[in-house]
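Trainee: Handing you this structure, nothing more for now.
The values are calculated or read from the model by the stated rules, or taken from the named source; none is laboratory data. Owing to the predicted nature of the structure, the values given are computational and were not obtained by experimental measurement. Note that each Cβ is placed from the backbone with ideal geometry, even for glycine, and that neighbours are counted across all protein chains shown. For accessibility, only protein heavy atoms count, side chains too; no ligands or nucleic acids. Shrake-Rupley method; radii C 1.70, N 1.55, O 1.52, S 1.80 Å.
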Amino acid sequence: MLSKDFDFEKSIKELEIIANSLENEKISLDESISLFEKGVKLSRDCSEYLENAKQKIISLTEAQEESNKDV
C-alpha cells in the first residue's frame with residue numbers, strides 16, 4: 001500500500017536518474033544492485049499508483065454513465 005505522501009512524478013524522475021546511472025556511470029556492483037533494488041520498488045509503487053488511478057477513473061465513468069441513464 002502506498003503512503004499518503006507518495007509523489008508519482010518525483011518517483012518517475014528518480015527512476016530516470018537510476019536508469020541513467022546504471023547505464024552511464026561506472027559504479028560498483030554493490031551500488032548497481034542497490035540502485036536496481038530501489039528502482040524495482042519505485043516501479044512497483046508507480047504501477048500500483050497507476051492501477052489505483054485507473055480504478056478511480058473507471059468508477060467515476062461508470063457513476064457518470066449511471067447518472068446519465070437516470071435523466
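Trainee: Carbon and sulfur together cover what percent of the accessible area of the chain at a 1.4 Å probe radius? Working shown, then result.
Mentor: Values: 3290 of 6130 Å².
Solvent-exposed carbon and sulfur of the chain make up 54 percent of the total.
Trainee: Along Cα→Cβ, 7 Å out, is where each label goes; now give me the distance between the ones at E9 and K41 in nm to one decimal.
Mentor: 2.4 nm
Trainee: Of the candidates L15, L35, L60, which one comes out as most mobile in a Gaussian network treatment of the chain with C-alpha springs shorter than 10 Å?
Mentor: Of L15, L35, L60, the Gaussian network model singles out L60 as fluctuating most.
Trainee: Classify the chain from the C-alpha gyration tensor, please: rounded if a/c falls under 1.5, else prolate or oblate depending on whether a/b exceeds b/c. It would help to have the intermediate numbers written out before the result.
Mentor: Values: a/c = 4.70, a/b = 3.78, b/c = 1.24.
Because a/c hits 1.5 or more and a/b exceeds b/c, the chain counts as prolate.
Trainee: Next question, about the same structure. For the chain, what is the mean residue ellipticity at 222 nm derived from helices alone (per DSSP H run of n ≥ 4: -39500 (n - 2.57); sum divided by total residues; nearest 500 deg cm²/dmol)?
Mentor: Details: 2 runs with 58 residues, N = 71.
Mean residue ellipticity, 222 nm, calculated: -29500 deg cm²/dmol.
Trainee: Return the FRET efficiency for the residue pair Q55, E16: r is the Cβ-Cβ distance, R0 is 22 Å, and the value is rounded to the nearest 0.05.
Mentor: Numbers: r = 26 Å, r/R0 = 1.18.
After rounding, the FRET efficiency stands at 0.25.
Trainee: Here is a further query. Treating the angle as unsigned and between 0 and 90°, give the value, to the nearest 10°, between the Cα long axis of helix 8-24 and the longest Cα principal axis of the chain.
Mentor: Roughly 30 degrees, rounded to the nearest 10.
Trainee: At 1.4 Å probe size, with every protein chain present, just tell me what the per residue accessible area of the chain comes to in Å².
Mentor: 86 Å²
Trainee: Hey, how many Å between the Cα centroid of the stretch 37-53 and the Cα centroid of the stretch 6-31?
Mentor: 14 Å
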